[in-house]
Amino acid sequence: MSEAWLITGGSGFVGKALLSRLAASAQRPSTLRVLVRQPSDAPARVEPCVGDLRDPLSLHRACEGIDTVIHLAGIAHVGSAASAEARAVNLDGSLALLRAAIDAGARRFVFLSSTLSLDDSLHYGRDKRRVEEALIAAAAAGSIEVVVLRAVNIYGVGMRGNIATMIRLISSGALPRLPTLSNRLSLVGVDDVVNALILAATHVSSNDSSAKLAIRVTLTDGCEYRINAIEEAIYTAIERRPSHWRLPAVVLFAASGLAELLEKLRIFRSGIGLRTYRNLTRDNLFDNQSARAELGFEPTTNFFAQLDTLVRRSD
């Protein structure tokens, strides 16, 4: 492959998995450049480019001679107090990177977004949505090809978020058995996200109009999950019998609110809050039909197939 790729967020959960895959592939691009804070942050066999999403000049240097930008960097899992810092990276930095890519003549911009971009109640979601819209507008103007991948919750070794917290708390015996919950949710494995990123970067466009390629799809592993089924599977994986008693829903709500308050007061950090309660009790279900149709995306695994590994290697 003779193309030159720039990857941001190479030290993150998905970025590490992508770089590991490319390092082992015979089809890696001839130039694989990674935006890093300092040269020592770069893994082997890549070209480090020192820069920061909050430094537009460094982004212009990073994009020089690049054909495809794969933008993974961002700040997630933050509270409202850190939302301004997150916006400087997630929104302002992403838009600056898009401008730098267009100015440098890059052909394609691949953006790992989130289904949270559909949730206007979250700073993170609103920022992701604004970047998506800017990308689609740039493609419509004929400035650059864009592929937006909206991922649901991503599982894999090193993951963060509610599922990781559930595994940790159940393993330590700190989480009572959850109430009976009927909500459904979608998940996707990190290896399948990496597959989708490579498909997005190498997809051959047949668009011969003045507008550039613009694809926006959702990534899931194609399965429908229920929180109680995930909970039971975790108990099985850690070889522990769950209690017959279930936590009442009202107690779960109160405990989530108390945990959030204690974390805001910096008394105790658990990673649990009212958002955790909402995520545990409402549907978050999506399909991957658009990714299959437009990119040829085919999931290769599911959460239950990976759970034993996740439990063994959880922090």
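The values are calculated or read from the model by the stated rules, or taken from the named source; none is laboratory data. Quick caveat: nothing in here was measured; it's all calculated off a predicted structure. All Cβ positions, even for glycine, are placed from backbone atoms using ideal geometry, and neighbour counts span all protein chains on display.
Inspect all residues belonging to the stretch 288-300 and state whether any of them is among the hydrophobic types (A, V, I, L, M, F, W, C) and in a loop (DSSP other than H, G, I, E, B).
Looking for residues that are among the hydrophobic types (A, V, I, L, M, F, W, C) and in a loop (DSSP other than H, G, I, E, B), one finds at least one in the stretch 288-300, hence yes.
For the stretch 24-36, how many residues meet the condition of being among the hydrophobic types (A, V, I, L, M, F, W, C) and either in contact (Cβ under 8 Å) with a residue 60 or more places away in the chain or closer than 21 Å to residue 101 by Cα (or both)?
Result for the stretch 24-36: 4.
Only one residue in 234, 272 is in contact with a helix residue (DSSP H, G or I) (Cβ under 6 Å, 6 or more places away or on another chain), at pLDDT 90 or above and either of a type in the set (A, V, I, L, M, F, W, C) or surrounded by 13 or more Cβ atoms within 10 Å (Cβ to Cβ) (or both). Which one? Step through it out loud before you land on a result.
On the way: 272 fails: at pLDDT 90 or above.
Of 234, 272, the one residue that is in contact with a helix residue (DSSP H, G or I) (Cβ under 6 Å, 6 or more places away or on another chain), at pLDDT 90 or above and either of a type in the set (A, V, I, L, M, F, W, C) or surrounded by 13 or more Cβ atoms within 10 Å (Cβ to Cβ) (or both) is 234.
Residue-wise test of (1) under 15 Å from the mean Cα position of the chain (by Cα); (2) modelled with pLDDT under 95; (3) over 24 Å from residue 160 (Cβ atoms); (4) part of a strand (DSSP E or B).
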position: 7; (1), (2), (3), (4): yes, no, no, yes
position: 29; (1), (2), (3), (4): no, yes, yes, no
position: 70; (1), (2), (3), (4): yes, no, no, yes
position: 73; (1), (2), (3), (4): yes, no, no, no
position: 76; (1), (2), (3), (4): yes, yes, no, no
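Examine the stretch 94-104 for a residue that is at pLDDT 95 or above, crowded, with 24+ Cβ neighbours inside 10 Å and closer than 30 Å to residue 263 by Cβ, and state whether such a residue exists.
Yes: the stretch 94-104 contains one or more residues that are at pLDDT 95 or above, crowded, with 24+ Cβ neighbours inside 10 Å and closer than 30 Å to residue 263 by Cβ.
Hey, among the residues in the stretch 38-51 that are closer than 15 Å to residue 72 by Cβ and in a loop (DSSP other than H, G, I, E, B), which one's modelled with the highest pLDDT?
By that ranking, first place goes to 51.
Pull out all pairs, ordered by first then second residue, where Cβ-Cβ is under 7 Å, the residues are six or more apart or on different chains, the first lies in the stretch 278-299 and is more than 15 Å from residue 228 (Cβ to Cβ), and the second is aromatic (Phe, Trp, Tyr).
Partner pairs satisfying both residue conditions: 288/297; 291/297.
Enumerate the pairs (first residue in the stretch 140-155 and without any contact (Cβ under 8 Å) to a residue 24 or more places away in the chain and under 16 Å from residue 197 (Cα atoms); second residue anywhere and buried (at least 21 other Cβ atoms within 10 Å of the Cβ) and of a type in the set (Lys, Arg)) with beta-carbon separation below 8 Å, excluding pairs fewer than 6 apart on the same chain, so at least 6 apart or on different chains.
Pairs found: none.
Looking at (1) under 22 Å from residue 61 (Cβ atoms); (2) part of a helix (DSSP H, G or I); (3) touching a residue at least 12 places away in the same chain (Cβ under 8 Å), can you tell me which one residue 21 breaks?
Result: residue 21 passes all but (1).
Go through the stretch 208-227 and report how many residues are modelled with pLDDT under 95, assigned to a loop (DSSP other than H, G, I, E, B) and in contact with a strand residue (DSSP E or B) (Cβ under 8 Å, 6 or more places away or on another chain).
2
When the residues of the stretch 53-68 are narrowed to those that are in contact (Cβ under 8 Å) with a residue 24 or more places away in the chain and assigned to a loop (DSSP other than H, G, I, E, B), which ends up nearest to the chain's Cα centre (by Cα)?
53
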